[in-house]
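Notes follow the structure.
Coordinate-derived values only; no laboratory data. Predicted model only: the values in this text are computed from it and were never measured. Ideal geometry is used to build each Cβ from the backbone, glycine not excepted, and the neighbour counts take in all protein chains shown.
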Amino acid sequence: MGFDAGTTAAIAVVNYEGELVSLWSKRNASFSDVLLQAAKRHVTIVASDRKPPARQCKRLAAALKTKLFAPRQPLSKEFKLSCTKGYACANQHERDALAAALKAYHVLVENKARKIRKRGGSTLVQRMVLEGRRFTELVYRHSPPQRLKR
């Protein structure tokens, strides 16, 4: 989930396939408004478009008990425009939140998710791996027991 804090707060939620699921913004939104919107979805990462991330972004990640992603360098306006081209963003804040979510997806999720899908892992397994669980542990624990050959 990408988050843009400020007078107008914005949230962009991207699923494990990199598809936009939800885009929301509100002027003069309270922290509880943002927290309520974020809590409606299962969020595993809160992403910022700048480094260091805004205090509100850190606070949201802590409240949701998720990882916090910040890019190595603040995302440029050109990057934000190019990666959000084709999406219907109502304002600059939604675009910034979406760019942060997409950047986090490409850096943290894309390769892991592809490898897990290739090995037969479900969306649930993908989420659990991104939360810090080991893939082999999940496969062993959630697969049917094997019969021993005698």
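What are the chymotrypsin sites (Phe, Trp or Tyr not before Pro) within the stretch 17-125 that DSSP puts in a loop, where the Cβ has at most 16 other Cβ atoms within 10 Å?
Tyr87
Taking the Cα centre of the stretch 9-142 as origin, sum charge times position over the Cβ atoms of Lys and Arg (+1) and Asp and Glu (-1), and report the length of that vector in debye to the nearest 20.
400
Per DSSP H run of at least 4 residues, take -39500 (n - 2.57); add these up for the chain, divide by its residues and hand me the 222 nm value, nearest 500 deg cm²/dmol.
When only DSSP H runs of four or more count, the value is -12000 deg cm²/dmol.
Quick one: Debye curve from the alpha-carbon atoms of the stretch 2-109 only, equal weights, vacuum; give me log10 I(q)/I(0) at q = 0.15, 0.18, 0.21 Å⁻¹ to two decimals.
Each listed q maps to, in turn, -0.52, -0.77, -1.10.
Taking +1 at the Cβ of each Lys and Arg and -1 at the Cβ of each Asp and Glu, which of Ala29, Met128, Leu64 sits farthest along the dipole of the chain towards its positive end, judged by Cα position relative to the Cα centre?
So the residue furthest toward the plus end is Met128.
Would you mind counting up the charge near Ala54? Only other residues with Cβ under 15 Å from its Cβ, with Lys and Arg at +1 and Asp and Glu at -1.
+2
Which links in Lys80/Lys103; Lys67/Lys103; Lys58/Lys103; Lys85/Lys115; Lys40/Lys67; Lys40/Lys103 stretch past 19 Å when you go from one Cα to the other?
Lys85/Lys115; Lys40/Lys103
Using the 10 angstrom Cβ neighbour count as an exposure proxy, how do His42, His93 rank, fewest first?
Ordered from fewest to most neighbouring Cβ atoms within 10 Å, His42, His93 come out as His42, His93.
Below 13 angstrom from the Cβ of Lys103, what's the summed charge of the other residues (Lys, Arg +1; Asp, Glu -1)?
Surrounding charge for Lys103 is +1.
If the only charges are +1 at each Lys and Arg Cβ and -1 at each Asp and Glu Cβ, what is the size of the charge dipole of the stretch 1-74 around the Cα centre, to the nearest 20 debye?
340
Exposed loop GluC sites (Glu not before Pro) only (DSSP loop, at most 16 other Cβ atoms within 10 Å): please give the longest stretch of the chain free of them, not including the sites.
Between exposed loop sites, the widest span is 20-130.
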